[in-house]
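Please read the structure below before turning to the comments.
The values are calculated or read from the model by the stated rules, or taken from the named source; none is laboratory data. Being a predicted model, the structure only gives us computed values, none of them experimental. Cβ sites come from the backbone with ideal geometry, for glycine too, and all protein chains shown count toward neighbours. The accessibility values were calculated without ligands, DNA or RNA, using every heavy atom of the protein model including side chains. Shrake-Rupley method; radii C 1.70, N 1.55, O 1.52, S 1.80 Å.
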Amino acid sequence: MIKYVMDLKKLDNKEKELVDRALNKLDKQIGIIESTGTPFEKIFNNDSIKYDILGKSFYTYKFVAENSSQIRILYRFVRKENGDYDLECHKVEVKRRSGKDYIKKFEEYVKSYE
């Protein structure tokens, strides 16, 4: 299940749609990998799911839309007792230039969260 921890009011409608599409794609990718017997916790060297790893349980997801819009999502993977999982969307950065300036904001957030 996808949960939004962040306030989506800061995004315009097009950006919200991109975030929804990105998280649904991420959820589907994780589901496919887990259906083959590999749990999320054992996924290594897969930049399409774990673009950056921050702290103990935060990851960034890189999404590029058809119109070349790029977003980075800071998310948390939370395994439930029944084996299911939740994806928590904590921060979103709409990327407008090259570089990884967004990572500093994400790292500060993770430090304050943990």
| note | The correct count of residues that are surrounded by 11 or more Cβ atoms within 10 Å (Cβ to Cβ) and of a type in the set (Lys, Arg) in segment 10-67 is 6
| message | Under 6 Å between Cβ atoms, which residue pairs at least 6 apart in sequence (or on different chains) link something in segment 36-57 that is small (Gly, Ala, Ser) with a partner that is buried (at least 16 other Cβ atoms within 10 Å of the Cβ)? | response | GLY55/VAL110; SER57/ARG76
| field | Single residue of LYS111, LYS100, LYS91, LYS105 found to be open to solvent by 50 Å² or more (accessible area, probe 1.4 Å), touching a helix residue (DSSP H, G or I) at 6+ places or on another chain (Cβ under 9 Å) and either outside any strand (DSSP E or B) or in contact (Cβ under 8 Å) with a residue 12 or more places away in the chain (or both) | value | LYS91
| In segment 74-87, what residues are within 17 Å of VAL110 (Cβ to Cβ) and open to solvent by 30 Å² or more (accessible area, probe 1.4 Å)? | ARG76, VAL78
